[in-house]
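Novice: Below is one structure. I have some questions about it.
Every number in this text was worked out from the coordinates using simple rules, so none of it is lab data. On a predicted model such as this, the values are computed, not experimentally measured, just so you know. Heads up, the Cβs are rebuilt from the backbone with ideal geometry, glycines too, and the neighbour counts pull from every protein chain shown.
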């Protein structure tokens with residue numbers, strides 16, 4: 001470990017590391033903002049019962065899944081490069097560790113990104129959970145309507161699931177044929 005590292009700073013090229021970090025964090029922010037927009041679009045379509053809007057939202061979410069895979073690759077490459085410069089294991093590299101190794105004047109932009117990324121990630125999580133709740137409610141309603149139409153109890157019937165265990169069905173048979 002060099003004297004500069006012992007003092008809690010980076011290896012020689014601090015500006016290069018800082019710029020690479022800020023570029024990567026901007027990509028992370030753009031990705032999370034896109035994910036949030038896709039989830040908001042899906043929410044609007046669900047609430048407005050807009051099948052075309054929902055189709056568009058699902059297409060956008062598929063694009064976000066592909067972008068997520070690319071983002072994960074970029075994130076891993078970034079972490080490997082920065083971990084090597086900091087002389088820390090990749091698994092131990094966090095924004096907090098990186099910021100602690102930067103000079104004081106360089107920490108503020110990283111901390112600002114860290115705050116925004118946490119807020120965006122929380123908003124994405126909240127929107128995703130809300131959308132899931134709406135979908136569960138719609139599914140439960142549909143199961144109750146079908147149970148009412150078929151005369152089955154909302155929790156009646158059985159089927160076998162992938163593990164070979166009984167699963168409750170939401171409704172009975174629509175058609176009863178004999179013979």
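Novice: Can you compute the FRET efficiency between residue 146 and residue 37 using 1/(1 + (r/R0)^6), with r the Cβ-Cβ distance and R0 = 30 Å? Round to the nearest 0.05. It would help to have the intermediate numbers written out before the result.
Specialist: Values: r = 34 Å, r/R0 = 1.13.
It comes out at approximately 0.35.
Novice: How would you rank 109-121, 131-143, highest first, on the average number of other Cβ atoms within 10 Å across their residues?
Specialist: Values: 109-121: 14.8, 131-143: 12.3.
My ranking of the peptides, most packed first, is 109-121, 131-143.
Novice: Quick check: residue separation of residue 134 and residue 15 times 0.36 nm, minus the Cα distance between them. What number comes out in nm? Display every interim value, and only then the final one.
Specialist: Details: separation 119, 0.36 × 119 = 42.84 nm, distance 4.68 nm.
Length difference between fully extended and current span is 38.2 nm.
Novice: Could you order the peptides 30-41, 94-105 from most to least packed, using the average number of other C-beta atoms within 10 Å per residue?
Specialist: Going by the mean number of other Cβ atoms within 10 Å, highest first, we get 30-41, 94-105.
Novice: Taking the alpha-carbon set of region 3-168, what are its Rg and Dmax in Å?
Specialist: 23.2, 79
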